[in-house]
Amino acid sequence: MAGVFDPAAPPGATIGILGGGQLGRMLALAAARLGFDVAILTPEDDSPAARVAARTLVADYQDAGALTELARCCSVVTYEFENVPAPAVERLTALGARVAPGASALETAQDRVKEKSFFEANGMPTVAFTPVTTPGDIVRGLRRLGAPALLKTRREGYDGKGQVWVEAAEEAEAAFATISGVPAILEARADFRRELSVIAARGRDGAIAAYPLTENRHEGGVLRRSTAPADASDQTRAQALTIARKTLERLDYIGVLGIELFELPDGALLVNEFAPRVHNSGHWTLDACEVDQFEQHIRAIAGWPLGPAEPFAAVEMRNLLGEDAGRWQELAAEPDARLWLYGKREVEPGRKMGHVNRLKPLPR
Ligand code: AMP
C-alpha cells in the first residue's frame, strides 16, 4: 500500500550519532523534529550537538562501555565526520548495532588512494595520481603527472590541511617532511574553472534523491561561500547525477553524502572526493528545500522514504568563521537572511561558528 513502510527506526526510537560538532547538532535537530531521541557519543565536553540531544555519552570513540551502551539504546547509529575510528564502527556492528553509512563507505572515504581508486575503477573521472611512501615516489610521480603536483596525506586531511604543492623534484624531500613522512598521495593539478558539489541520498529501499549542483568558493582551504542551484549545463548536471548515483550504488550507501567536483573549462567534471556524511556545502538546503540534507539523512538511515530534493528558492550560503559570528545582530535583522549559529563557546580564528543563508527567488 502506498505510504506504508517498515521503518528501521520508528518515531520514539533513539538514533546514535558519533561526533558532537555542528553537523551532529543539525542532525539532532532534524531527528527531534521527526520524534526521535538522539544519543551523541563524543569525547568533547559541552559539545554543540550535546546541547540539543536527549542524551550524551562523553567518552573516547573506542570506549568499550560507551559503545556497548550506544548499541543497546539505539535503533540505528550514524556519524557526523569521516575520521571516526573504523574500529569503533566495527565494534558497534559486532555488538549488533545498525550503522549507516556502512563500514565500506567509511573505509573508502578515509583513505585518499582507496577513494580515487574507487572512482577510477567505477568509470568516474578523477585527477591522475600515485601513492607515495618515499620522496623517491614523489620524484617519479612528478615525471608522470607533471609539475606542480599536490601532495596530500592519505588519511585525516580536512579543510586543506596536510597538503603541499610540489613544484620540482628538488622539493620532494622537503615536501615529504612537511607532511611528516606519512603515507600520502601525489595528485596531478586539476585546471578547473570552478568547484561544485552534489549532495545526494540513498534510502534503505534503494531510492536516490539528489539536490541540485552547488558552486563553492574556498579561502585558505576552508569553504567560504556556496551558491545554489549552480548555473550549469544539462550535460554537467547529468554527469554529476551519474557520479552521485554510481557512488551511492557501488558503495551500497545508506544516508546522505557530499561529493566534491572540479568543473573543467569545457564543463566536464572530475571527482575530487566524497564525504560520507552531510556536508557544509549542503547547508543551503536547510532554508530552501522542503526536506533538507539533515532530515534526508535521518529519513534514509531510519528506513523512511526519502523526501523531495527540489529547492523553492535560490540561496547564497556564507560560513561565519571566527569573529564573523559577532555580527549576529546585524544578520538577524536582515529580512531575507536565515541565521544558524552552532553554540560554540570558544571563538577561534577560522573556526566554523555558524552560517547564514540568503534567499532569492529561483531564476526562471
Ligand atoms: P581536498 O582536501 O581534496 O578537498 O582539497 C582541498 C582544496 O584543494 C580543494 O577544494 C581544491 O581547491 C584544492 N585541490 C585539491 N586537489 C586538487 C588538485 N588535484 N588540483 C588542484 N587543486 C586541488
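The values are calculated or read from the model by the stated rules, or taken from the named source; none is laboratory data. On a predicted model such as this, the values are computed, not experimentally measured, just so you know. Methodologically, a virtual Cβ is constructed for each residue, glycine included, from the backbone with ideal geometry; neighbour enumeration extends over all protein chains shown. Remember, those area values only see protein heavy atoms, side chains included, never the ligands or the DNA or RNA. Shrake-Rupley method; radii C 1.70, N 1.55, O 1.52, S 1.80 Å.
Just wondering, is there one or more residues in the stretch 192-204 that are open to solvent by 10 Å² or more (accessible area, probe 1.4 Å), within 16 Å of the ligand (Cβ to nearest atom) and not basic (Lys, Arg)?
Yes, the stretch 192-204 contains a residue that is open to solvent by 10 Å² or more (accessible area, probe 1.4 Å), within 16 Å of the ligand (Cβ to nearest atom) and not basic (Lys, Arg).
Could you pull out every one of the strands (runs of 3 or more DSSP E) wholly within the stretch 204-297 that has 1 or more residues that are closer than 30 Å to residue 322 by Cβ?
Qualifying strands (runs of 3 or more DSSP E): 214-219, 222-228, 255-263, 269-275.
Within the stretch 178-191, which residues are open to solvent by less than 20 Å² (accessible area, probe 1.4 Å) and among the β-branched types (Val, Ile, Thr)?
179, 185 - these are the residues of the stretch 178-191 that are open to solvent by less than 20 Å² (accessible area, probe 1.4 Å) and among the β-branched types (Val, Ile, Thr).
With the requirement that a residue be closer than 14 Å to residue 209 by Cβ and touching a helix residue (DSSP H, G or I) at 6+ places or on another chain (Cβ under 6 Å), what does the stretch 308-336 give you?
Result: 311, single match.
Which helices (runs of 4 or more DSSP H) sit wholly inside the stretch 22-125 and have at least 3 residues that are of a type outside the set (Gly, Ala, Ser), away from the ligand (no atom under 16 Å from the Cβ) and crowded, with 23+ Cβ neighbours inside 10 Å?
22-33
Could you list all residues from the stretch 3-46 that are of a type in the set (S, T, N, Q), over 18 Å from residue 278 (Cα atoms) and out of contact with any helix residue (DSSP H, G or I) (no Cβ under 7 Å at 6 or more places or on another chain)?
Once the filter is applied, which keeps residues that are of a type in the set (S, T, N, Q), over 18 Å from residue 278 (Cα atoms) and out of contact with any helix residue (DSSP H, G or I) (no Cβ under 7 Å at 6 or more places or on another chain), the stretch 3-46 yields nothing.
Taking the condition of being among the basic types (Lys, Arg) and either touching a Ser or Thr at 6+ places or on another chain (Cβ under 7 Å) or at pLDDT 95 or above (or both), how many residues in the stretch 336-350 meet it? Write out each step before concluding.
Taking the stretch 336-350 as the starting set, the residues that turn out to be among the basic types (Lys, Arg) are 338, 344-345.
Filter again for either touching a Ser or Thr at 6+ places or on another chain (Cβ under 7 Å) or at pLDDT 95 or above (or both), leaving 338, 344.
Selection size over the stretch 336-350: 2.
Which condition breaks for residue 147 when tested against (1) within 15 Å of the ligand (Cβ to nearest atom); (2) open to solvent by less than 20 Å² (accessible area, probe 1.4 Å); (3) aliphatic (A, V, I, L, M); (4) in a loop (DSSP other than H, G, I, E, B)?
It is condition (2) that residue 147 fails.
Give the residue that is farthest from residue 302 (Cα to Cα), with candidates limited to residues of the stretch 1-13 that are surrounded by fewer than 20 Cβ atoms within 10 Å (Cβ to Cβ) and in contact with a Ser or Thr (Cβ under 7 Å, 6 or more places away or on another chain). Write out each step before concluding.
Pass one, the stretch 1-13, residues surrounded by fewer than 20 Cβ atoms within 10 Å (Cβ to Cβ): 1-8, 10-13.
Applying the additional criterion that residues be in contact with a Ser or Thr (Cβ under 7 Å, 6 or more places away or on another chain) yields 8, 13.
Details: 8: 5, 13: 9 Å.
Per the criteria, the residue is 13.
Run residue 272 past the list (1) within 15 Å of the ligand (Cβ to nearest atom); (2) buried (at least 17 other Cβ atoms within 10 Å of the Cβ); (3) under 24 Å from residue 339 (Cα atoms) and report the number of the one that doesn't hold.
Only one criterion is unmet by residue 272, namely (3).
Please go through the stretch 126-144 and give me each residue that is part of a loop (DSSP other than H, G, I, E, B) and either free of Cβ contacts under 8 Å to residues at least 24 places away in the same chain or in contact with a helix residue (DSSP H, G or I) (Cβ under 9 Å, 6 or more places away or on another chain) (or both), ordered by number.
Matches in the stretch 126-144: 127, 128, 134.
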